[in-house]
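A short write-up of the structure that comes next.
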Amino acid sequence: MNYCIAVTNVKGGVGKTTTAVNLAASFAAAEKRVLIVDLVQEGGVHVYMGSNSIKPGISELGKLPIKKLIHPSQLPNLFYIPSDLADTATEEEFTTRLSHDHLLLKKEIAALKNQYEIIILDCPASMGATVLAGLLTADLALVPMQCEPNSQIAVKATLRTIEQARSLYGSKARLLGILLTMFDRRTALSHNVLEQIWDEYQSDLLETIIPRNVRLAESFAKGTPAVLVDINSTGALAYLALASEIMARAPKILAQN
């Protein structure tokens, strides 16, 4: 079963790009053919891929054939479309096009779905046109949440955004789950947040928890996903476990009426 996952949260700094990249790499390590699409203005996906090249990038969506926007990575099964939206004018023009045609991204990605088993959209921290386009494109929405008390407010807003995309715009995206990130088992704060989220979102909370781990930070600096930095690190093992959990969970959610 092929599917598209939007990694989304209205709050920044919760580990969206870290999750999108390392989850994609973990799927690829499991011999899935994967494409990751960077929709974030300050996009960092290409950095994880060890590349300085962002051209052609996502700003060319609908102008060039989408296949021409795809770049290879260090992993043979992992490909990506970089973000080239750092320039304000470019980002505004791209957002305006998505505002005028909410289904542009969906139509372009649809042409690739039979070529990639899993497509991951790294969405920006907002509730704007780009996030809406991502939710209209995706089959599933994954919500990373940092283990901090104020993160719960952002999760509620993100879940409302997903529901509004469904009710107002006809999105088919279903909640894949809430993913706890940056969990520090040494602190009472992380454990308290875990308990609170468990009480409120028990059925939606993924079993895998992503820990704070130096290898995850190093992977960005080294320009490579964590599985290629140290596959036995706690960060890499957590994302490998997450990939396995999602591969078991996603078909069940998509099969629901």
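I need 166, 186 ordered by Cβ neighbour count within 10 Å, fewest first.
Numbers: 166 17, 186 9.
Ranking 166, 186 by Cβ neighbours within 10 Å, fewest first, gives 186, 166.
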Checklist entry - Based on DSSP H assignment, which helices of the chain show an axial Cα extent of at least 20 Å together with a mean Kyte-Doolittle hydropathy greater than or equal to -1.0? => result 151-169, 234-254
Checklist entry - Label residue 189 and residue 2 with points 7 Å out from Cα along Cα→Cβ: what is the distance between them in nm? => result 4.4 nm
Checklist entry - For q = 0.15, 0.21, 0.22, 0.25 Å⁻¹, what log10 I(q)/I(0) does region 169-247 give under the Debye formula with an equal point scatterer on each alpha carbon and no solvent? => result -0.63, -0.99, -1.03, -1.15
Next on the checklist: Suppose every Lys and Arg Cβ carries +1 and every Asp and Glu Cβ carries -1, with no other charges. What dipole size does the chain come out with about its Cα centre, to the nearest 20 debye?
Outcome noted: 500 debye
Item to check | Distance-filtered residues of region 46-86 - backbone nitrogen under 19 Å, label point 7 angstrom along residue 30 Cα→Cβ | outcome: 75-80
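What order do you get for 91, 31 when you list them from fewest to most C-beta neighbours inside 10 Å? Intermediate values should be presented prior to the final figure.
Numbers: 91 19, 31 9.
So the residues, fewest neighbours to most, are 31, 91.
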Next on the checklist: With 10 angstrom as the radius, rank 79, 27, 183 by how many other C-beta atoms surround their C-beta, starting from the fewest.
Outcome noted: 183, 79, 27
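Give, in whole angstrom and from largest to smallest, the semi-axes √(5λ) of the equivalent ellipsoid of the chain, with λ running over the eigenvalues of the Cα gyration tensor.
Equivalent-ellipsoid dimensions as semi-axes: 26, 22, 17 Å.
FYI, it's all coordinate maths here, none of it is from the lab. As the structure is a prediction and not an experimental result, all values here were calculated from the model. Neighbour counts are summed over all protein chains in view; Cβ atoms, including those assigned to glycine, are modelled from backbone coordinates with ideal geometry.
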